[in-house]
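The values are calculated or read from the model by the stated rules, or taken from the named source; none is laboratory data. Since we're looking at a predicted model, the values are computed, not measured. Here the Cβ positions follow ideal geometry from the backbone for every residue, glycine too, while neighbour counts run over all protein chains shown.
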Amino acid sequence: MQRTAHPPRARLRTILLLAALAATAVGWAQGGIADLEVTAYGRQRIDLASGRTVLEDGGELIERGSGVTLVAAWIAYAEGIEVTAREASIEGDVGHIEAPRVAIDLIAERLTASGGVAWRREGLRVTGETLWFDVDAGVVGLLGGVEASEPGASAVEAWIELAGGRVLLVGPYAYADGPLVLRGGEGAGLQLDARQTDEGVVYDASTAIDDDWRAAVATARAAWAAASDE
Amino acid sequence: MTRRTVLAWAVWLACGTGLAMAADGGGSEGCVPVAGGAELTVEGLGRAVFAGLSTDRVRDEALLSGGVCVEFSAIGGVLRSERLTISGLGDGVALAAADVVFELDAWTIAAELLEADEDGAVLVGVGLQSPEAVALAAGVRVDLVSGTIAARDLRLATATLWVVADEATLDGERVALQRVALTTCDCAPAEASVRLEARAAELDLVVPEVTLHGAELVVGALRWALRDPWSFDAANLALPLPPIAVFEDPDGRRGTLVGVTEQPVAPGVRLAWDVGLGDDARPPDASLRLTARAADADGGEARVDVVGASDRMRVAWRVARPLAEGWALAYAQRLEGGAWDEPVRDQHVSVGRTRAWPTPVAGVAEAAVDAEAFVALTAQTLAGDELVGTRLGGSWRLRLGGEPAGGWRPDLEVAAGATAYPAGGGPQAWVSVAPRATLTTGGLRLDLGHLSRWVWGASPFGASLDRLATVHRSDLGGSWAPAVGEARVTLAARWDWRPDADRPGRAVGLERLDLSASTSGAAWSGRLSVRVDAALAGVVDPRPGRTASVGGVVTWARDDWELGARVRVDPAAPAWPWSEATVFAAAPVTTGDWSWRPYLAVDLASWARGQARWWVGHGLELAWRSDFGVLDLGYRYDDGIGLRLDVGVRFESRPLELERLAATRQERP
């Protein structure tokens, strides 16, 4: 089945787009909205009272303009309100996210991937319990058991700035860079600044955290904590 | 960091870190993570803790800051600095820092600059501190694999020495120096009028001891080459004086003797000599005794014993060669001439075997058997007649070592032998049994022993050669050191079971019963020593030849002051029992750099006995204090202790101060 995008779906498309942006850490959140293509792999149930559509056998949501695709074993979405998915992967030309559960709040413009998230793109391969993305803050957080192979790191939390490319590891953390293995204790922070070189993306590390970046992370974290309480 | 700053660091270390290290036995503590800081592991180097870090991948370096502490894993050294740069993150890690403190073993090194890679660390503008020494060096290289410290242009001071060297290697408490000059003067070697210069030297800071190679003693413009190598104690330089003693001839023949008891003069060679002072009945004479012993790897042995005196001579030597399976062949010769009571000329050939083995018998750990057969051609002058003849004989000895039980360790020796005299006279045979037991428990030690020897027949030769007498005696010896203070009690007793020729029906009985007790401890701001001894055999069984006396010594000493009393009483004496009541004292007198310490001992009992010689002891000790140390020269004679000479140099300890070292000239003289 194929549907043509309708105006109420504009917010959903934006969220999907921003989710992909979070994954790729580039600012294509403000990109234009194009057609959204929905493909159901099987049964599709529509609740007329609530306007909630459930793709019970899974399906695909593709944003035509950017090529961002949400593929999941189970998808439910309410136009203009939310999208939830299970065993989902978000794929774009700049990144790939996999998570057992994905929830997109279309009103608050926030995405939560949980249950063990894997995220990869050039210069970045990371896993964690939860991925949190706040569109307004432009900050992605990975929380709980964060492990990264690119860059080699582990932390309790990792926060990624979409626009600036800054990363904050929250300790206890470990960060490996060549012959160095850096470890910080509980609550300690390490800032990584992504830098594009001829050999690819490299990171400069510093235990001195930029004030504005520290404040941005604090705001995003507070928002995540509030959302979690809900 | 300026040199002044290095010094300030080092002095601070000397006052703080260094003293703390001395208190806890030295060594550096590891790096303690900074609160809220981070920890960095550098492959191939070690671990670092710090407050802050930033890396720059374009410049390929990392900057650590804030209480940076690096532990070098291979050597256990610790580097401390406020900032440290790590470069070569991609390949070949290197460290660089300024104003560093490097702690390695007992050494704490403060330096202006440090550069290090996986192999070593180079430090520039260096001050070193250990509990035993301080030093300055133009540069130091620490081997990060072996932990040795190589320094150049080193100036080092210990409590007693000032040293300069072109190169030095510091390995823990040992310092190897190249092209070195040193002095005990409280000044730099270049300024010292008396110093030692050497091609190389090893300095043990803890013992402390110095060994010089290619050394010269320099006094002003004069130089004397010293033997190579030459070692000396860096705390005391005792001159090699022979231990001269004054004593009575044990044989009672030569009267009072002055000489040196047996001393080693070369490997395997011992020498003793004395001079008889003579008196109205005896002319002065001299005596010398030389013994030499050598052994080879095959078990062969040679021994020479020479006694030369004004009126007699003895040369005795013996060589032994091992044969197969424990057998040995020996030849010995003994030649005596002059005023010996029974001079001997003897040629002796023997073959013997020694065998030892563990035994399966309960309570017996080991058994050993010695057996020997001999033939000898002997001449001996007895009562003016010369007896010449051959001797054929053999002996056998079994030793059984018991298993220790309950603190006791028993052992037993059984021996037998027989000698035939073909030239005349009956054979002589003997059997002996000697059980012995030793108890050792806590501070108590007891030795119980017995010897019985039965003899059949008699040698026609004298007792100085091989004539044996029957023996039946028991010995008891003991010592007890209670766990209180420094007290010690000893006991020695002997009982002779043979019939007493002078007292029919009775045994010879108690031959010796000696008791002594001593202790010492702090008293009246000084040290008090007390000793009491008693020879009671003559009291329990008063007979001619039995000793009977009770005496004691009390000594109080503080600094160079010494006061004491010594008394001796003969309880068996028929009249005046005091054989000695001596008071003695030594007191220091200091004038400028000179110290005098006269000693006098006066026997108050001598007046009562009507003897003219009331002073029984005298002495004088002289000390001259110079920049190079304290020269000691003195003697003490006392009837109770004999003669003691003292010649040597003491090196007075000075505080370890880097600032004083820095004020000296760096160059070698």
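Taking the stated definitions as given, is B:Thr291 at pLDDT 75 or above, among the polar types (S, T, N, Q) and within 27 Å of the chain's Cα centre (by Cα)? So B:Thr291 passes the test.
Picking from B:Trp556, B:Trp596, B:Trp561, B:Trp624, which residue would you name as being closer than 30 Å to B:Val164 by Cα and at pLDDT 85 or above?
Numbers: B:Trp556 fails: closer than 30 Å to B:Val164 by Cα; B:Trp596 fails: closer than 30 Å to B:Val164 by Cα; B:Trp561 fails: closer than 30 Å to B:Val164 by Cα.
B:Trp624 is the lone residue from the list that is closer than 30 Å to B:Val164 by Cα and at pLDDT 85 or above.
Here B:Ala493, B:Ala469, B:Ala458, B:Ala463 are screened, and the one residue that is in contact with a Leu (Cβ under 7 Å, 6 or more places away or on another chain) and either surrounded by fewer than 16 Cβ atoms within 10 Å (Cβ to Cβ) or touching a residue at least 12 places away in the same chain (Cβ under 8 Å) (or both) is B:Ala493. All of B:Glu132, B:Glu103, B:Glu112, B:Glu82 fail the test of being acidic (Asp, Glu) and surrounded by fewer than 18 Cβ atoms within 10 Å (Cβ to Cβ), apart from B:Glu82. Considering only residues in region B:89-99 that are modelled with pLDDT under 85 and surrounded by 16 or more Cβ atoms within 10 Å (Cβ to Cβ), the one that is nearest to B:Gly147 (Cα to Cα) turns out to be B:Val93.
Contact map, region B:474-486: residues that are closer than 30 Å to B:Arg498 by Cβ paired with residues that are of a type in the set (Asp, Glu), Cβ distance under 7 Å, separation 6+ or inter-chain. Pairs shown: B:Gly477/B:Asp447; B:Gly478/B:Asp447. Of all residues in region A:155-181, those that are without any contact (Cβ under 8 Å) to a residue 12 or more places away in the chain have Cβ atoms under 8 Å from Cβ atoms of residues that are of a type in the set (Ser, Thr, Tyr) and outside any loop (DSSP other than H, G, I, E, B), 6 or more apart or on another chain, in A:Leu180/B:Thr41; A:Leu180/B:Thr55; A:Val181/A:Tyr175; A:Val181/B:Thr41.
Hey, any hits in region B:147-158 for a residue that's β-branched (Val, Ile, Thr), surrounded by fewer than 22 Cβ atoms within 10 Å (Cβ to Cβ), farther than 16 Å from B:Leu45 by Cβ and within 40 Å of the chain's Cα centre (by Cα)? Even if it seems obvious, please write down each step before you answer.
Keep residues of region B:147-158 that are β-branched (Val, Ile, Thr), which gives B:148-149, B:158.
Next, only the ones that are surrounded by fewer than 22 Cβ atoms within 10 Å (Cβ to Cβ) stay: B:148.
Right, trim to farther than 16 Å from B:Leu45 by Cβ and you get B:148.
Still in the running and within 40 Å of the chain's Cα centre (by Cα): B:148.
Within region B:147-158, one or more residues are β-branched (Val, Ile, Thr), surrounded by fewer than 22 Cβ atoms within 10 Å (Cβ to Cβ), farther than 16 Å from B:Leu45 by Cβ and within 40 Å of the chain's Cα centre (by Cα).
Scanning region A:48-75 for residues that are buried (at least 16 other Cβ atoms within 10 Å of the Cβ), hydrophobic (A, V, I, L, M, F, W, C) and either modelled with pLDDT of 80 or more or not assigned by TED's automatic domain parsing to the domain that holds A:Arg86 (or both) yields A:Val54, A:Leu55, A:Leu61, A:Ile62, A:Leu70, A:Val71, A:Ala72, A:Ala73, A:Trp74, A:Ile75.
For B:Arg391, the conditions (1) free of Cβ contacts under 8 Å to residues at least 40 places away in the same chain; (2) in a strand (DSSP E or B) are fulfilled apart from (1). For A:Ala208, the criteria (1) free of Cβ contacts under 8 Å to residues at least 40 places away in the same chain; (2) facing chain B (nearest Cβ under 8 Å); (3) outside any loop (DSSP other than H, G, I, E, B) hold in every case but one, which is (3). Looking across B:Gly443, B:Gly393, one residue alone is farther than 30 Å from B:Pro360 by Cβ and buried (at least 16 other Cβ atoms within 10 Å of the Cβ). It is B:Gly393.
Regarding region B:630-644, can at least one residue be identified that is farther than 17 Å from B:Ala565 by Cα, modelled with pLDDT of 85 or more and more than 26 Å from the chain's Cα centre (by Cα)? No; the residues of region B:630-644 include none that is farther than 17 Å from B:Ala565 by Cα, modelled with pLDDT of 85 or more and more than 26 Å from the chain's Cα centre (by Cα). Taking region A:136-200 as the region of interest, the strands (runs of 3 or more DSSP E) fully inside it that hold 2 or more residues being at negative phi, within 14 Å of chain B (Cβ to nearest Cβ) and modelled with pLDDT of 85 or more are A:152-161, A:166-170, A:173-177, A:180-184, A:189-197.
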